[in-house]
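Step one of this worksheet: look at the structure below.
Any read-out appearing in this document is the output of simple, stated calculations on the displayed coordinates, not a laboratory observation. No experiment lies behind these values; they were computed from the predicted model shown. Ideal geometry is used to build each Cβ from the backbone, glycine not excepted, and the neighbour counts take in all protein chains shown.
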Amino acid sequence: MSKAARVAAALAGVLLFSSPAAIGGLEIGAVAPDFGMTTLDGRRFSLAEAEKTHSGVVVLFLSTICPYSNYYNDLIRDMAAEYAKRNVLFVGVNSGGLETPEEMRAHAREHGHVFDIIRDPDSKIAELLDARRTPEAFLMDSRGTLRYHGRIASKISSPDLKSAIDAFLAGRPIHPAETKAFGCAISRR
């Protein structure tokens, strides 16, 4: 499939209104299921192990061809660098199999994404967390408890993921703990 055809497929899957509560996904306060896969750089990644060694873990569902996901590339890069200093780990997940590992590596290099990225061609991780969009974020604490789920940021309001991480690190409640994720649909096999 050509890159133009993959972009068209991603855009055809764009759904602008997605409420996590409405689709019955992982609820805030629930323990996220563990997953382990190999990163694009050949390292083994385990969510449970990452949670044990970090204050928090942000799992981001990303795409190289979704314009909504690409809109946030710089913000994601900057947040990952900023919060790494505060022991919060970012990991990217590219689900659905529309993009090749080479395209993902090139995209990561081009946008300065130095955090681990996992290729999830069969959407197994997306199924585990019930991720539906790119971009879509899940923030887990060191016990694996889901603390925030939803969008990276809104164009018209405060940056939701950043606000959630700041509240989490300060020991404050996260409000809102769940937001609508806008973007391209993650394809399921």
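Side notes on the structure shown:
- Listed values for the stretch 54-65 are Karplus-derived 3J(HN,Hα) couplings in whole Hz (6.51 cos²θ - 1.76 cosθ + 1.60, θ = phi - 60°), namely 9, 5, x, 10, 9, 9, 10, 8, 10, 8, 7, 10, and x replaces Gly and Pro.
- DSSP beta bridges confined to the chain are antiparallel in about 60 percent of cases.
- Calculated from backbone phi, Karplus (6.51, -1.76, 1.60) coupling profile of the stretch 84-96 in Hz, x at Gly/Pro: 4, 5, 10, 6, 10, 9, 9, 9, x, 10, 10, 9, x
- Normalised contact order of the stretch 3-185, rounded percent, pairs of Cα under 8 Å and 6 or more residues apart: 31
- The alpha-carbon of Lys124 sits under 25 angstrom from the alpha-carbons of these lysines, leaving out residues fewer than 8 places away in its chain: Lys3, Lys52, Lys180.
- At R0 = 22 Å, FRET efficiency that the Cβ-Cβ distance of Glu110 and Lys155 yields, to 0.05: 0.45
- Looking at the stretch 92-189 alone, DSSP beta bridges between its own residues are antiparallel in about 55 percent of cases.
- Residue exposure sequence - Met104, Met140, Met79 - by fewest surrounding Cβ within 10 Å: Met104, Met79, Met140
- Semi-axis lengths, Å, the stretch 3-185, gyration tensor of Cα atoms, sqrt of 5 times eigenvalues: 23, 19, 16
- Computed about the Cα centre, the dipole magnitude for the stretch 3-185 is approximately 240 debye when only Lys and Arg (+1) and Asp and Glu (-1) carry charge, each at its Cβ.
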